[in-house]
Structure formats: C-alpha cells, structure tokens
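The values are calculated or read from the model by the stated rules, or taken from the named source; none is laboratory data. What you see is a predicted model, and the numbers here were worked out from it, not measured in a lab. All Cβ positions, even for glycine, are placed from backbone atoms using ideal geometry, and neighbour counts span all protein chains on display.
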Amino acid sequence: MDTEKEPMLKTTPSLLQLTWAFFIIGLTAYSVAMLQQLKTLVVGRKWLSQKEMDEGLAMVQLYPGPIMFNLATYSAYRIKGFWGALIATFLFVLPSYLLMVLLSWLYFNYGNVAWVHPLFIALEAMVVGIIVHVSLDFSNRYIEGGKTALIAALAFILMLYKINAFWVIVLAVGLGLAFFWRDNMGVDSKKETVHVSIPGAWQWRLAAIILSGALFIACIVIALVWKNELSTLFLSMFKVGAVAFGNGMTIMPLLQQEAVMSHHWLSMKQFADGIAFGQITPGPFLITATFIGYKVSGLMGSLLATVGMFYPSFFYTILMAEVYTKIKDNLFIRRGLKGILAAFTGMLFFVVLSMGEVSLLSPAAYIWAVGALIAVRYFELNILWIFLIGIAAEFGLFFAGISIL
C-alpha cells in the first residue's frame, strides 16, 4: 500500500526558519520521542512528505550512528542542502550540549544529584507513552497483512534476545525482497517518476561531501599522530560514533567500554549518573559524551568528545542521502525498505517494553505514561507542553518534599 496517493504541495523554509526549528527541537525533544517531534515539524509544515520522512527513517538505520541524530541531519539536508544540514544539526545538538556542560560542572563540583531521580522517572514514563503513540502510528501504516506482521514480530523477538539491531535490519531487507518480490510497490511504469532533488548544484554538493570526507580522515590521522589526553579522548568518541549501530541505549555499552573499562575516565557510578543526565536533557541521548569529555579535560574535552561522537554520523548521512535519491525508486530498494519499516515497527514495540520495564515501576509512572499518550494521541497536544508540564510538576513536588513515586 502506498502511503502517499497524491503528490504533496511542499513549502521551502528559509535557512533561519529551518535552523530555528531544529534548535527548538533540540531544546525540547527527549529520547525516542524526538521522532514524533521531528515528523510533526517537517511533515506538518510540508517541508517533506510523510513518505519521504518514513523512507529516510528506514535509510538512517543502514549505517552507524544514533538514529534520531541521523534522521535530523537527513531531514535538514533534504530540505536545505549541505549548509542547511550543517547549521541545523549544530543547533539541534547545541542546547543539550550547553545543558550537559552546566550539569557536568555542577556534578563534578558539588556532586548532589538527588533531584535527578524523580525527574528522570517522570520524563522516562512520559517518553514511554509517546513511543506507544508512535508505534501505533507505524503499525497503522506499515503492518498491512501477515507478511509485514511476521517481519515486525521477528524483529521484536530478535531484539528480546539481544541480537544487534544491524543484523535485524539486514534480515528485514532479505525478508522484504523475498516476501514482496511480486509487488510493484505502487510504482506505475507508465507514469513519470517524481524525483526529489536536494537543494544546491550537484557539483557543490559533491565538493562538500569530498571536503567532509577529507575532514573525516584528517580527524583520525591527527588524533593518531597527536598523542595526548585530548587526542585519545577525541579518537575514542570518534570510534564509537563511527562504528556503532542503533539508538542511544544500544550504543551505550560501547561508550561504557571506552570511558569506564578501557581508559578509566569515569567510575561506574559516575557513568551511570552521566547516563541519567543524558536522559533528562533534551536532544540526542549520546550527549553523555559531553559529560565524559568534561570530566577528562573541562570545556575543551567536552567540545572534542561531542564533535567526535556526532561528526561521523553527519558525514555518513549526507553521503547516504545522495546515494539514496538515486536508487530510492528501484523496486528492489523499495521492497527492502518495506521490510525495514515493518521491522522498525516491531523494534519500536521492543523499545516500549524495555523502557516500560525500567520506567513504569509505580502507579505515578503509569499515570505519567498514560497521560502523555492521551495528550498526544487524542488531544494532539504539542510534546513540548507535555514535557514542560511534567517537569514543572516534578520539580514542584521535589522542592515541596512530596514523593508520589
């Protein structure tokens, strides 16, 4: 079933509109809930179609890096080209970076994080409710019958058994090709295919990709040659960002290996507190890299660790976006994407289960989760207001000395 029967009349934002919108998302979107925030923004304002966003979501799972950051970069690149993607993703990460620097300074100077726990529980519970909403939406669009349901179920089961998300996606592509080989995927060969171009002349885009690739290689070479604590930190975070697949929680074990076990930059307790800060701050979950960098070498360490974590994803995304626009209408690619989107639906339900097991531990947590689900799904309340209400309520209860958890 084609989810987009008629071409959508798109609008093109100014660079200021795009970058400001991504800054606001980076300031207000939490965890996997930023998927809903991104889609509401980009599709709601008709900057990209629903189909393009969903196909982009399938694409960004095919290479390393945090999925939500990859999707933000992909969206900005498709809307406004290289410079739009560069500035928009910088502003997307900036709010969480600044907040994490502040929290790191407070933590390593004062060490009292008692207020984190109740806020963390409330935010995580609300995120669960919002992910349920996203999962149901994906089910409505991409679970069309027994075959897609089977792919989703297999993905869910494999994630339960801790199979790496990369291999789940590989299996989904194979099943998509096998199950839907007779489907024409809604493509009418008699009609002209509409190709969506990326803004900017292809020569300039190619030059930008080559320059970005050269910088990618230079970062590795400089870090290897320039032997000191900062270069070791940068290379360590760069390595994680360059090779790790999945979302923040699946990448976190590699980060733990580097920060706690290999280099002993953090104790296990400090690492756990850094993860909690990564959860309560908006924006990409792997902003925990900033916390690690601050511990190693202050502001400079925080900056290098953050760039090292996210730059590989930026480069991979603009490169893949160019390739994707050339091959996305190929029937084999479309069948594989259909398998990926079905698998991602199952993976989303796994996220609901795994987050629910650690977040929904009290009646109050269930109230937050159900309340967030009802607010976003049935009252269509903006996610920003949902989180602001939750944060304000939890802070009020904490400072009043009242615990309902």
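Below, the figures for the structure above:
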quantity: Filter result (farther than 17 Å from VAL127 by Cβ and among the polar types (S, T, N, Q)) within the stretch 33-83; calculated: SER49, GLN50, GLN61, ASN70, THR73, SER75
quantity: Some residue of the stretch 79-99 being surrounded by fewer than 24 Cβ atoms within 10 Å (Cβ to Cβ) and among the basic types (Lys, Arg); calculated: no
quantity: Test: residue in the stretch 222-239 that is of a type in the set (Val, Ile, Thr), modelled with pLDDT under 90 and not in a loop (DSSP other than H, G, I, E, B); calculated: yes
quantity: Selection from the stretch 297-306 of residues that are surrounded by fewer than 22 Cβ atoms within 10 Å (Cβ to Cβ) and either outside any helix (DSSP H, G or I) or hydrophobic (A, V, I, L, M, F, W, C) (or both); calculated: LEU299, MET300, LEU303
quantity: Residues of the stretch 133-147 classified as touching a residue at least 40 places away in the same chain (Cβ under 8 Å) and of a type in the set (Asp, Glu), total; calculated: 1
quantity: Tally, over the stretch 353-405, of residues that are farther than 23 Å from PHE156 by Cβ, of a type in the set (Phe, Trp, Tyr) and at pLDDT 85 or above; calculated: 3
quantity: Residue match in the stretch 324-339 (condition: in a helix (DSSP H, G or I), within 29 Å of ALA259 (Cα to Cα) and out of contact with any His (no Cβ under 7 Å at 6 or more places or on another chain)); calculated: no
quantity: Complete set of residues in the stretch 264-287 that are assigned to a helix (DSSP H, G or I), touching a strand residue (DSSP E or B) at 6+ places or on another chain (Cβ under 9 Å) and either on the phi > 0 side of the Ramachandran plot or aliphatic (A, V, I, L, M) (or both); calculated: ILE280
quantity: Where LEU331 falls short, out of the listed (1) more than 21 Å from the chain's Cα centre (by Cα); (2) surrounded by 15 or more Cβ atoms within 10 Å (Cβ to Cβ); (3) at pLDDT 85 or above; calculated: (3)
quantity: Out of VAL134, VAL127, sole residue that is touching a strand residue (DSSP E or B) at 6+ places or on another chain (Cβ under 6 Å) and either modelled with pLDDT under 85 or of a type in the set (Ser, Thr, Tyr) (or both); calculated: VAL127
quantity: Which listed residue is surrounded by fewer than 22 Cβ atoms within 10 Å (Cβ to Cβ), β-branched (Val, Ile, Thr), touching a residue at least 60 places away in the same chain (Cβ under 8 Å) and part of a helix (DSSP H, G or I), from VAL358, VAL376; calculated: VAL358
quantity: Residue match in the stretch 84-92 (condition: touching a residue at least 60 places away in the same chain (Cβ under 8 Å), of a type in the set (Phe, Trp, Tyr) and touching a strand residue (DSSP E or B) at 6+ places or on another chain (Cβ under 8 Å)); calculated: yes
quantity: Condition check for LEU57: modelled with pLDDT under 95, buried (at least 21 other Cβ atoms within 10 Å of the Cβ), of a type in the set (A, V, I, L, M) and closer than 25 Å to LEU337 by Cα; calculated: yes
quantity: Pairs, first under 15 Å from LEU215 (Cα atoms) in the stretch 232-246, second crowded, with 21+ Cβ neighbours inside 10 Å and modelled with pLDDT under 90, C-beta under 6 Å, six or more apart; calculated: PHE234/ALA223; LEU235/ALA223
quantity: Output for the stretch 175-207, where each listed residue is at pLDDT 80 or above, surrounded by 13 or more Cβ atoms within 10 Å (Cβ to Cβ) and closer than 29 Å to ALA343 by Cβ; calculated: LEU175, GLY176, LEU177, PHE179, PHE180, ILE198
quantity: Answer residue from the stretch 100-118, given it is surrounded by fewer than 19 Cβ atoms within 10 Å (Cβ to Cβ) and aliphatic (A, V, I, L, M) and is modelled with the highest pLDDT among those; calculated: LEU102
quantity: Single match in THR325, THR290 (criterion: within 30 Å of TRP83 (Cα to Cα), crowded, with 18+ Cβ neighbours inside 10 Å and either without any contact (Cβ under 8 Å) to a residue 40 or more places away in the chain or β-branched (Val, Ile, Thr) (or both)); calculated: THR290
